[in-house]
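The block underneath contains the structure these notes are about, expressed in structure tokens.
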Amino acid sequence: MKSKVLPQIIVFLISSVITSQAQDTLFYTGFSAVPSGFSLNTSDVGSTTSGANFWVENNSYPGGNGTITCLGFPFSFTVPSTPAQPVTISGFPNGSYLHTVSNAAVTSGISNCCFAAADGICTNAENYFCKMSSDISTIGFDTVTVNFWWLCSGGNNSYGELYYSFDGGTSWIQHAPGTKYNNTGNWTLKTITDPAWSNHSMLRFGFRFVNNVATTASDPGFGVDEFLVTGKNSVILPVAAFTANDTAFCEETCLFFTDLSQNNPTSWQWYFEGAIPDTSSLQNPTQICYDDTGTFDVTLIVTNASGIDTLVYANYITVYANPPTPLISASSDTLCTVPFMAGYQWYYNNSVLIPGAVNYCYIAIFPGTYSVQITDSSGCSSFSDPYVITSIRDVNAPVTALFPNPVANKLTITAPYQMPMEQLMLKDLGGRVVLRLEHLPDPNAIQLDLSIIPIGLYNLFIYSKGNWSPSKVVISR
């Protein structure tokens, strides 16, 4: 469990993920001031700068009747009034707005939101573009939202589109390709949030009105008002977390710690009670060494631009004492050390592990240096000082000869004719009989298959003329 108590440095903090929202207005226009922040009738995205229709900014809403000449003949048309704006739009019901209008309508004294639909005869298919005239920066904002009011009845081939640019308007990207702003004759609020708009220094937005050849279309054309771009920064405090490669171990052990903190910390401060070194400012400290026994706290303090978090794991580290250095006592060729430990391992000439030599006593086979490693119930170990045996008394000669010894699988035993073998018995160091032969096919030579017997040290007893003679056998593979 996370503890939020740090008595050594007296820090009192509340640990939780705290998120606050800082929202800024990055751009706004209601199209009522001059300049409005938009450039009209540009050639971007395959658009015309002078065609049958064009973009204007005004507060004209009334429609009217007009006349257009096509193929030398006059044709009358009617433009309906643009719907009034709702109360939530500044300047309602007839505030200034950005919209399309046709040249024919303007010639007839009509300047509200309308368009001349492309029929391929009198009016060609054209696109009309308008765009923000300056860049905005969204650096530092992880959420960017665009809001605007719009209307456009148009038709299947007459509709509005939203574009954005990351290079100051040199190139443009359509937002949600396939989205058409049409079939809506009344003012409607649109809110769009796109992660792609975050953290750019030269962001712009633009609108395109597409007027392809159509058999049916209706006013109003494409109108926009209250265009707003906001940026929001989610401020998240760091959350401290960590782990160590071990938490319970023997003295004189070094650890490494791994930072698991969340929400992008930028600095770390560690406190290791009872360790050397006892502090670190690395993200993932290594070689933190514990030479003293006991239980110890570990503290991590992490910081990012939003704040700080502290985590204390009380009694996180447990260090066990190594057992005292064991002593070796000898009786002839038998070496013994302290009994009742959890584990033993004997070594020959300081570094050669003796297979199967895992009891507190060991019968030496060859002259040399012997040592033992003892292990207690906590898994901690100590090595004895070396013990030197200068000679081994051969109590078996000349009764038998064993070859090879140590042996992997097949052991050959020979006996002189004056001392024929009658029985064989192989025992482990605990006295358990692992192999016994009572009727030998050849009393003077035999080969034993020891391949199924585990490695280790064993006592081989040979019965001849009323006496049992012991020999030592090492099975090693």
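Criterion applied to Leu426, Leu435 was being in a strand (DSSP E or B), touching a residue at least 24 places away in the same chain (Cβ under 8 Å) and either over 26 Å from Cys336 (Cα atoms) or not charged (D, E, K, R) (or both), and the one residue passing it is Leu426.
Looking only at residues in the stretch 217-260 that are touching an Asp or Glu at 6+ places or on another chain (Cβ under 7 Å) and either among the polar types (S, T, N, Q) or open to solvent by less than 20 Å² (accessible area, probe 1.4 Å) (or both), the one that is modelled with the lowest pLDDT is Ser234. For the stretch 320-329, name all the residues that are farther than 11 Å from Ser382 by Cα and open to solvent by 50 Å² or more (accessible area, probe 1.4 Å). Matches in the stretch 320-329: Tyr320, Ser329. The criterion of at least 2 residues that are polar (S, T, N, Q) and closer than 26 Å to Asp428 by Cβ is met by the following strands (runs of 3 or more DSSP E) wholly inside the stretch 298-386: 329-331, 368-375, 381-383. Each residue in the stretch 331-351 was checked for being at negative phi, open to solvent by 50 Å² or more (accessible area, probe 1.4 Å) and modelled with pLDDT under 85, and 2 pass. Reported count of residues in the stretch 449-475, each being open to solvent by 10 Å² or more (accessible area, probe 1.4 Å), over 24 Å from Trp346 (Cβ atoms) and part of a strand (DSSP E or B), is 5. Give me the residue from the stretch 261-281 that is under 25 Å from Cys250 (Cα atoms) and either part of a loop (DSSP other than H, G, I, E, B) or of a type in the set (Lys, Arg) (or both) and, out of that set, least open to solvent (accessible area, probe 1.4 Å). By that ranking, first place goes to Ala275.
If we scan the stretch 334-350, do we find a residue that is free of Cβ contacts under 8 Å to residues at least 24 places away in the same chain and of a type in the set (Ser, Thr, Tyr)? Scanning the stretch 334-350 turns up at least one residue that is free of Cβ contacts under 8 Å to residues at least 24 places away in the same chain and of a type in the set (Ser, Thr, Tyr). Would you say Tyr362 is of a type in the set (Ser, Thr, Tyr), at pLDDT 85 or above and under 14 Å from Tyr458 (Cα atoms)? Taking the combined requirement at face value, the residue satisfies it. Here Asn112 passes the criteria (1) assigned to a loop (DSSP other than H, G, I, E, B); (2) open to solvent by 10 Å² or more (accessible area, probe 1.4 Å) except the one numbered (2).
The values are calculated or read from the model by the stated rules, or taken from the named source; none is laboratory data. Keep in mind that this is a model prediction, so the values were computed, not measured. Positions of Cβ are backbone-derived with ideal geometry, glycine not excepted, and every protein chain shown enters the neighbour counts. All accessible areas refer to the heavy atoms of the entire protein, side chains included, with ligands and DNA or RNA removed. Shrake-Rupley method; radii C 1.70, N 1.55, O 1.52, S 1.80 Å.
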